[in-house]
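The values are calculated or read from the model by the stated rules, or taken from the named source; none is laboratory data. Just so it is clear, the structure is predicted and the values come from calculations on it, not from any experiment. Note that we place each Cβ from the backbone using ideal geometry, even for glycine, and neighbour counts take in every protein chain shown.
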Amino acid sequence: MTLLSVRELEVRHGLLRAVRGVSFDVAQGETVAFVGANGAGKTTLLRAIAGAHLPQAGRISFAGEDVTSAPSYRRARAGIALVPEGRRLFGELSVTENLLLGLSAGNRGAWNLDAVLEALPQLQPIRHALARNLSGGQQQAVAIGRALMTNPKLLLLDEISLGLSPVAVDLVYAAIAKLIAAGTTIILVEQKLDRAMSVADRMICMLEGSVVLEGKTSQLTRDQITDAYFGLGQVGAHS
Amino acid sequence: MIWVEQIFQGILLGGYYALIACGLSFMFSVMGLVNLAHGSFAMLAAFGFWALAEYAGLPPTIGWTAVFPAMALLGVALQRLVLDRSARSGFLIPVLATFGLSICIDNLLFQQFGADTRSLAPFIGDLSYDSWELADGVFVGKLAVYIFLAAVGLLGGLQLFLSRTQLGRAIRATAIDRDTVGLLGIDANWINICATAIAMVTVSIAGAALGMRATFDPYAGTPQLIFAFEAAVIGGTGSLWGTLLGGLTLGIAQSVGAQISPQGFLIAGHATFLVVLVARTSLDRIADVWRIFSFVRTKAS
C-alpha cells in the first residue's frame, strides 16, 4: 500500500531550482534512502515533504490525502515527522521537555515517553539535562526520540550521521534498525553510502535536483550508485 | 527605623512594578516584541474595572470575571489583526504598530471618559487604606501586601505553567524556533495568540492593581510603560523571576530616593535603570575583551 506519493515536485530556493520534477512512491513499512552529493536537493526534498518548504509545482499525497499546500504542523498531525539536519533541538529545554513536545501532534500510537526511553536507552541518564549541553550523538538521539513521540506513520531522517563520531553513528543506526524492525516507514537522507545501503529497501540517487538512479538496494551495485552519485556515465535509466 | 520602613515600602511597590512588567517581559520572551501599548492596555483594563463598578455596581472582586476574558479576547484580536501581520515586515514594524495603537487607546479613553482622574479605591472598601503595624511605627498597607503577593503568585504561576504544561512548553519552544515547532504538530500562530491572551490578562491584573492603589487617567499608560520597561530591563528582559527582581530593585530605589529628596523618587529609579544598563553592557564588553585576551594568551603559549 502506497503511503507517500510525490509527483513532478518542483522546489526552489529563490531562483535556484533545488528539486526538479521529482516523482516517487513510498510503500507502508518501506525504508527508502536518498543519496547524492551536497546540493543535490535531498534535504530540500525532505523539507518539502514535511511542509517546512512549500513547493512551486507538483503534488504530494500522504495516506491518500493531498498535502501539497498543508502547513508543517498539519502534516505532523497527519503522521509525517522530520528529524531535521542539524537536529534543531530546543536548547533551553531539557531532554524530557524536548521529547514531550512531540505529543503536541496529538497522534495516538505506541510511542510515549517510556517507550522512547526504552528504545533509546542512552537518553535515560540524561533526561533532565538541557539539550544544549549534550554531545552531537546524544542530541541526535533526542531528535529521533522527539520525532517518534509524534507517533509518525512516516519518519524522515535527514543526515542523521552528520558530525557524529563513529560510535555515535553506530548507536543511532542501531536505533533505526529497531524502528525498521517495528515496521516504521522511513525515508532517509544520507551521505554515507554504506550506512544507507545497510538499512534501505530501496535507494534513490539524486543529482542537481533530479533523480538519476532508483532501484531496490539488492539489485544495485555500489559502483552503479557511486557513478550516479557523482554524475558519471549513463545512469539515466531507472531500475 | 524610617529607612527600614522605606525599604519595606519599596519592596511592596516593587511588587506592583513586577506585576505590570510581567506581561511586557512575557511578550518579549515569547515573541521578541516590545509592546509599546502595554501601559495603555493596563489603563484600558483599569477603566474597564472602573466602568463596571461605577455603572453596573460590580466591584473589582467581581468585575474581573468580565474584564479578564474581555482583555484575553482583545489579545486574540491584537495578535491576529495587528501583531501577526506586522511581524512579517520585520522587528521594527510591530513596535511602531503598538506605538500607534497606544495613541489610539489613550485618545479613545480620553474621548469616552474625559480627563478626570479615577480610582478603584472607593469600590474596595477599607482595603485601600487599611494597614498592619509590624513594629513600633512601622506600618504596611494591606493592599500593597496583597498586590505584592499577587505579583509573586502570578510570576510563580506563570513559571509553573511554562515548565509543567504542554502549552507552556510549546510557548517556550516557539520562542526559540517557530519553524521547528511546526514539525512537531504545533501551530506557532496559535501559540502566539495564546501567549498574547495570557499577557493581556496579566496586564489586566496590573491595571486593577494600579486602579486600587492610586489614581489613573487616560494618559497614565505611558509612565506605567516606562516603569514596566525599567523593571524588565533591570531584571533581565524575558526572565520572569528576573522581572520580580527588577521590580523590587526599581521600587526600593524609588522609595529610598524619595526619602532622600522629594524629587528623588523618579530620579533614583531612572538612575538605577541607567546604571544597570551601562553596567550590563560594560560587563559584556569586558567579558568579550577577556575572552579574546585569554584566547590570544593560550595561542601564544
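The table that follows gives values for the structure above.
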| read-out | value |
| --- | --- |
| In segment B:240-249, the residues that are surrounded by 24 or more Cβ atoms within 10 Å (Cβ to Cβ) and either of a type in the set (Gly, Ala, Ser) or over 22 Å from B:Gly157 (Cα atoms) (or both) | B:Gly246, B:Gly247 |
| Every residue from segment A:12-37 that is farther than 21 Å from A:Leu179 by Cβ and either touching a residue at least 24 places away in the same chain (Cβ under 8 Å) or in contact with a strand residue (DSSP E or B) (Cβ under 9 Å, 6 or more places away or on another chain) (or both) | A:Arg12, A:His13, A:Arg17, A:Ala18, A:Val19, A:Arg20, A:Gly21, A:Val22, A:Ser23, A:Gly36, A:Ala37 |
| Number of the exception - B:Val76 against (1) β-branched (Val, Ile, Thr); (2) exposed (fewer than 13 other Cβ atoms within 10 Å of the Cβ); (3) within 26 Å of B:Met31 (Cβ to Cβ) | (2) |
| Filter pass, B:Ala199 being more than 27 Å from B:Thr65 (Cβ to Cβ) and either in contact (Cβ under 8 Å) with a residue 60 or more places away in the chain or not acidic (Asp, Glu) (or both) | no |
| Residue within segment B:75-82 that is under 30 Å from B:Gln9 (Cβ atoms), assigned to a helix (DSSP H, G or I), within 23 Å of the chain's Cα centre (by Cα) and aliphatic (A, V, I, L, M) present | no |
| Set B:Ala56, B:Ala70: member being in contact with a Gly (Cβ under 7 Å, 6 or more places away or on another chain) and surrounded by fewer than 22 Cβ atoms within 10 Å (Cβ to Cβ) | B:Ala70 |
| Test: residue in segment B:161-181 that is at pLDDT below 90, in contact with a strand residue (DSSP E or B) (Cβ under 8 Å, 6 or more places away or on another chain) and small (Gly, Ala, Ser) | no |
| Matching entry among B:Ser261, B:Ser255, B:Ser282, B:Ser239 (being among the hydroxyl-bearing types (Ser, Thr, Tyr) and at pLDDT 90 or above) | B:Ser255 |
| Residue in segment B:272-287 that is within 27 Å of B:Gly156 (Cβ to Cβ), in contact (Cβ under 8 Å) with a residue 60 or more places away in the chain, surrounded by fewer than 22 Cβ atoms within 10 Å (Cβ to Cβ) and not basic (Lys, Arg) present | no |
| Flag for B:Ser40 being buried (at least 24 other Cβ atoms within 10 Å of the Cβ), modelled with pLDDT of 95 or more and not in a loop (DSSP other than H, G, I, E, B) | yes |
| Helices (runs of 4 or more DSSP H) fully within segment B:107-187 counting 1 or more residues that are more than 14 Å from chain A (Cβ to nearest Cβ) | B:142-164 |
| Matching residues, segment A:113-140, being in contact with a strand residue (DSSP E or B) (Cβ under 8 Å, 6 or more places away or on another chain) and within 14 Å of chain B (Cβ to nearest Cβ) | A:His128, A:Leu130, A:Ala131 |
| Check on A:Ala143, within 14 Å of another protein chain (Cβ to nearest Cβ), at pLDDT 90 or above and touching a Lys or Arg at 6+ places or on another chain (Cβ under 8 Å) | yes |
| Helices (runs of 4 or more DSSP H) contained entirely in segment A:1-112, each with at least 2 residues that are away from chain B (no Cβ under 14 Å) and buried (at least 22 other Cβ atoms within 10 Å of the Cβ) | A:42-50 |
| Qualifying residue in segment B:199-208 (condition: over 30 Å from A:Ala48 (Cα atoms) and in contact with a Pro (Cβ under 6 Å, 6 or more places away or on another chain)) | yes |
| Condition broken by B:Ala287, with the remaining ones in (1) in a helix (DSSP H, G or I); (2) closer than 18 Å to B:Glu5 by Cα satisfied | (2) |
| Some residue of segment A:122-140 being surrounded by 18 or more Cβ atoms within 10 Å (Cβ to Cβ) and closer than 26 Å to A:Val19 by Cβ | yes |
| Long-range neighbours under 7 Å by Cβ, at least six apart or interchain, first residue hydroxyl-bearing (Ser, Thr, Tyr) within segment B:59-88, second modelled with pLDDT of 95 or more and surrounded by fewer than 19 Cβ atoms within 10 Å (Cβ to Cβ) | none |
